[in-house]
Amino acid sequence: MANLLFTLLMISGISGKIQGVVRDEATKETIPYADVIILNTDIGTATDDNGRFYILNVAPGIYTIEVSYMGFQSKRITNVIVEVDQTARLDVTLEQTTIEIPPITVTSEIPVVKKDMVGTTYIIRKTELPHLPVDYATELIGFQPGVARSDTAIYVRGGRATEVQYMIDNVPIVDPQTGDLAISVSKGIVDEIIFLPGGFDAEYGHAMSGVINLITAFPENKLHAKAYAKTERIMPFYYDFGYENYLTSIHLPISRRFKGLISLDIMHTDDWDPKLYILPHKQRDDYSLYGKWLFAPSGKLSFGISGALSRTQFDRYNSEWKFNLDNYRSDIRKGNLQSFSISYLPNTRYLFNLTLSRLYTQRIYGVREPGTYGRFDDFLFRNYETLKWPRGGINNPFGASYWAILCEGDYYEYQNKTSEIMRANFGINLQIHEYHEIKTGFEYTDQVFDNFSYFVSDTVYQLIDEYQYQPNEYALYLQDNIDFKGLYAKIGCRIDYFEKDPNAMIETNTSGDTTIYTINYQGPIIVVSPRLGVSFLVTDKFLLRANVGRYVQPPLRDYQYGYYSLLPLPSYLDVPAIGNPTLGPEKTISFEIGLQGEIRPDLNTTINTFYKDVSDLTGTRYVPALPAGYHMYFNVEYANIKGVEAILEFIKPAFTGKISYTLSWARGTSSYAFEYADTTITQPAEEYDLDFDQRHRIFMQGVVSLPLKTQLYVFGYLGNGFPYTPPGPEGKYEERNIEQLTFQRQIDCVLSKSLSMGPFSLTMDFEIMNLLDHRYESAAHFPVIPLSMIEPEDFEHGPPYIDIHNAYYHPGADVNHNGLVTPDEEYQSFRELIQASDDWVNAYTSPRRARLGISLSFQ
């Protein structure tokens with residue numbers, strides 16, 4: 001618990017810009033040196049010689065701007081909305097007057113389109129978040145166009161799940177070693193989510209398919225406390241998966257210049273990946289602690305310090321271990337993020353920002369000690385040296401044995417893996433000209449990766465993979481944001497410098513069937529990524545945009561370092577794919593064209609087309625060698641992706657909502673890095689529909705206003721099933737993914753009712769997921785052995801039969817309990833074992849589920 005005192009997170013760069021021009025209402029001439037003040041802040045400026053003003057580093061929010069000049073009536077503009085990385089534009093006119101009169105107040109008009117969005121940008125706003133029927137912030141992206149969901153993974157525009165960069169307030173939270181999220185965040189502390197599925201700025205690295213940026217709540221100026229609880233224990237047993245979620249938060253304004261926020265979230269479920277019905281050994285317990293403190297001694301200088309700490313631990317279910325789950329795998333993932341930032345605004349046109357951050361994550365899995373654990377108790381794992389090799393056996397209700405149904409022994413691996421990532425980021429924003437804003441920055445990343453893996457062996461030999469590597473990274477980016485009348489352009493370039501650990505270089509020299517391994521240091525890899533985005537206001541209500549860019553990311557460090565220290569591989573060892581320290585970055589060239597605008601006042605539309613060429617993807621190939629061959633990772637795969645997204649947004653007095661349609665093709669030579677790690681046959685590269693290629697997807701989202709301040713939120717989803725490969729001859733890759741799962745469809749709804757009682761407010765949400773109780777096939781299902789292939793003749797043998805004194809005797813197979821297991825009884829018990837081990841439950845989605853949520857706040 002000592003870590004709770006030190007988990008602090010950054011807020012730098014979470015700001016927008018206000019710019020505009022001040023004119024004389026009568027003559028339309030610009031007014032130089034007019035005062036422009038953001039009320040209730042210390043921020044203000046004056047117009048330049050051309051009557052224009054620029055204010056950088058404005059926190060997201062809704063503001064009132066006051067503009068004044070001697071001899072003119074002052075004007076206040078309300079409802080000026082500032083969003084992250086966006087510009088609020090104002091065109092202000094002042095009326096001359098000879099006497100002093102009170103300011104006139106007007107309301108800022110929200111533009112239909114924002115021309116600085118040169119790439120597709122989806123924003124899930126604070127008003128939407130509480131009523132979406134999921135509680136983890138990253139899962140909310142599943143409701144957006146261009147996103148395919150398969151089990152617990154998210155795929156953006158046909159890319160692999162590892163091609164998405166997740167961030168909290170502009171800080172990456174992905175573990176570079178494993179690709180897992182280091183921090184789990186509840187939607188209760190998020191103000192908005194910015195989703196960039198393509199065409200993102202030069203400041204973003206380590207992403208090829210998309211960027212998901214969680215913008216956390218900003219500490220408020222008034223005391224504000226909130227408590228929230230949600231449960232599905234109200235449902236009957238069949239529909240109750242034991243889900244509970246509790247959140248509490250408080251805003252603490254110590255003073256106007258010093259304020260903070262603290263939040264705690266706790267979640268429990270009896271089945272963390274619900275399928276057709278609840279399954280054993282799938283319990284999960286999470287908690288996350290979040291804090292943020294801001295100190296602004298002046299309008300020019302500000303400090304930010306905030307923090308996140310999270311832990312996720314869960315058991316796993318596998319039908320092969322159905323009768324031995326206490327000895328199957330359990331996981332714990334812990335992460336914390338600390339950061340400190342300083343922002344300096346010498347004037348409203350120049351912004352300097354320095355951020356120092358540290359991300360630490362630990363992942364442990366193995367066989368946990370049995371027993372009951374409290375919500376904050378971490379799993380204890382069994383001593384890995386005591387683990388036994390798993391095998392089939394008769395320890396099951398049927399007394400039968402089959403090698404693939406593991407009734408004896410333990411899960412075969414224990415792993416303890418940690419990553420520590422130290423980052424320094426220095427950024428500069430300069431409004432150097434009326435038309436040019438320069439953004440530049442430098443990033444330094446120091447990484448330390450530790451791993452200990454122990455593999456259970458069925459021999460006397462131990463298999464231990466232990467390493468520590470420290471590859472560093474550097475990046476430099478420069479971008480010019482050009483704002484000229486109806487045209488907006490972003491011209492940028494990013495240079496990534498990926499340093500390789502000299503202790504991890506390996507050279508292979510193959511002669512005949514023998515491979516010789518020698519250490520060979522290779523220099524760093526430098527990758528230049530130019531990016532260009534342009535938007536043009538066709539009218540004041542329609543925007544045309546296009547962008548092209550190169551995006552790169554280094555391979556997962558597991559693919560570089562895992563198991564390679566075992567080379568040369570002894571003949572008695574059988575390990576997964578071996579890491580390749582010479583792996584280079586994966587690359588994507590992306591093109592996008594989009595149209596966005598207003599068809600009529602109550603109907604908006606967006607149409608995007610995209611095309612991506614992905615190269616140097618990580619894949620595996622078999623390497624023949626002596627004393628034993630092995631699989632190794634190489635940059636050998638590629639993909640080609642294209643598609644169209646169309647969105648209609650409706651705005652009616654009693655109903656608002658949107659419907660989106662995505663048509664896409666995702667083809668390539670490999671769906672994931674270790675796809676070919678189970679074959680020694682090297683096939684020619686053949687394109688096929690990738691595992692996550694979902695050709696058609698429709699999302700519907702809307703809210704209906706009902707009497708008594710009640711609202712009904714409705715979410716609908718329709719889509720093709722994912723492709724899969726039916727059983728066939730081994731190595732027949734030309735027929736990969738030629739079949740398709742059943743059509744997917746689901747409707748969720750949330751009924752919300754709010755009440756106010758003085759400073760207190762109460763909100764009740766009743767969620768129903770899968771309203772129509774439609775359970776579709778989510779994975780291809782193949783039995784362990786088709787029952788038609790099990791013949792009585794396979795069990796025929798003469799005496800002696802298995803009697804009660806035989807080590808292979810089991811009462812479950814002795815149907816008539818006469819102390820003998822006959823061939824016919826062996827046959828019947830074996831059929832029952834195979835039938836009971838059929839994993840058909842995991843092939844279907846969960847049934848209808850309902851949850852009741854109550855939120856109480858004080859302000």
Checklist line | Residue that is closer than 24 Å to THR618 by Cβ, part of a strand (DSSP E or B) and open to solvent by less than 10 Å² (accessible area, probe 1.4 Å), where the choices are ALA148, ALA207 | finding: ALA148
Margin query: Criterion first (open to solvent by 50 Å² or more (accessible area, probe 1.4 Å) and assigned to a loop (DSSP other than H, G, I, E, B)) does LEU751 satisfy it?
Written below: no
Next item on the list: Would you be able to tell me the number of residues in the stretch 459-474 that are in contact with a Pro (Cβ under 9 Å, 6 or more places away or on another chain), in a loop (DSSP other than H, G, I, E, B) and open to solvent by 30 Å² or more (accessible area, probe 1.4 Å)?
Entry: 1
Checklist line | Matching residues in the stretch 79-123 - criterion: being in a strand (DSSP E or B) and either at positive phi or open to solvent by 40 Å² or more (accessible area, probe 1.4 Å) (or both) | finding: ASN79, ILE81, ARG89, ASP91, GLN96, ILE104, THR105, VAL106, THR107
Item checked: Tabulated pairs, the stretch 759-788, first over 22 Å from LYS275 (Cβ atoms), second part of a strand (DSSP E or B) and among the small types (Gly, Ala, Ser), C-beta under 6 angstrom, 6+ apart or interchain -> SER761/SER857; THR763/SER754; THR763/SER855; ASP765/SER752; ASP765/GLY853
Note to self: If PRO370 meets every condition in (1) open to solvent by less than 40 Å² (accessible area, probe 1.4 Å); (2) farther than 30 Å from PRO823 by Cβ; (3) not hydrophobic (A, V, I, L, M, F, W, C) apart from one, which number is that one?
What the structure shows: (1)
Notebook entry, point to check: When the stretch 161-186 is examined, which residues are found to be open to solvent by less than 20 Å² (accessible area, probe 1.4 Å) and either free of Cβ contacts under 8 Å to residues at least 24 places away in the same chain or charged (D, E, K, R) (or both)?
Noted result: GLU163, ASP169, ASP175
Next item on the list: For residues that are modelled with pLDDT of 90 or more and more than 17 Å from ASN347 (Cα to Cα), scanning just the stretch 37-61, find the one that is surrounded by the most Cβ atoms within 10 Å (Cβ to Cβ).
Entry: LEU39
Note to self: Scan the stretch 238-255 and tell me whether some residue there is assigned to a strand (DSSP E or B) and among the β-branched types (Val, Ile, Thr).
What the structure shows: yes
Next item on the list: Kindly provide the set of residues from the stretch 532-556 that are in a strand (DSSP E or B) and open to solvent by less than 20 Å² (accessible area, probe 1.4 Å), ordered by number.
Entry: GLY533, SER535, LEU543, ARG545, ASN547, GLY549, TYR551, VAL552, GLN553
Checklist line | Any pair with Cβ under 9 angstrom, 6 or more apart, that starts in the stretch 614-634 at a residue that is open to solvent by 30 Å² or more (accessible area, probe 1.4 Å) and ends at one that is modelled with pLDDT under 85 and of a type in the set (D, E, K, R) | finding: PRO624/ASP513; LEU626/ASP513
Next item on the list: Please specify each residue of the stretch 431-444 satisfying the condition of being surrounded by fewer than 17 Cβ atoms within 10 Å (Cβ to Cβ) and in a strand (DSSP E or B).
Entry: HIS436, ILE438, PHE442, TYR444
Next item on the list: Would you check if there is a residue in the stretch 440-461 being in contact with an Asp or Glu (Cβ under 7 Å, 6 or more places away or on another chain), within 30 Å of LEU537 (Cα to Cα) and modelled with pLDDT of 90 or more?
Entry: yes
Check: Which members of the stretch 808-828 meet the condition of being open to solvent by 90 Å² or more (accessible area, probe 1.4 Å), without any contact (Cβ under 8 Å) to a residue 24 or more places away in the chain and under 23 Å from ILE405 (Cα atoms)?
Finding: VAL815
Notebook entry, point to check: Considering ILE394, ILE428, ILE421, which residue is in a loop (DSSP other than H, G, I, E, B), open to solvent by less than 40 Å² (accessible area, probe 1.4 Å) and in contact (Cβ under 8 Å) with a residue 24 or more places away in the chain?
Noted result: ILE394
Next item on the list: Determine whether PHE200 is farther than 30 Å from PHE323 by Cβ, among the aromatic types (Phe, Trp, Tyr) and touching a helix residue (DSSP H, G or I) at 6+ places or on another chain (Cβ under 8 Å).
Entry: no
Next item on the list: May I ask you to list the residues in the stretch 179-194 that are within 15 Å of MET267 (Cβ to Cβ) and part of a loop (DSSP other than H, G, I, E, B)?
Entry: ILE183, SER184, VAL185
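The values are calculated or read from the model by the stated rules, or taken from the named source; none is laboratory data. Keep in mind it's a predicted model, so treat the numbers as computed, not measured. When we count neighbours, we look across all protein chains shown, and the Cβ atoms used for this are built from the backbone with ideal geometry, even at glycine. These area figures cover heavy atoms from the full protein model, side chains too; ligands, DNA and RNA do not enter into them. Shrake-Rupley method; radii C 1.70, N 1.55, O 1.52, S 1.80 Å.
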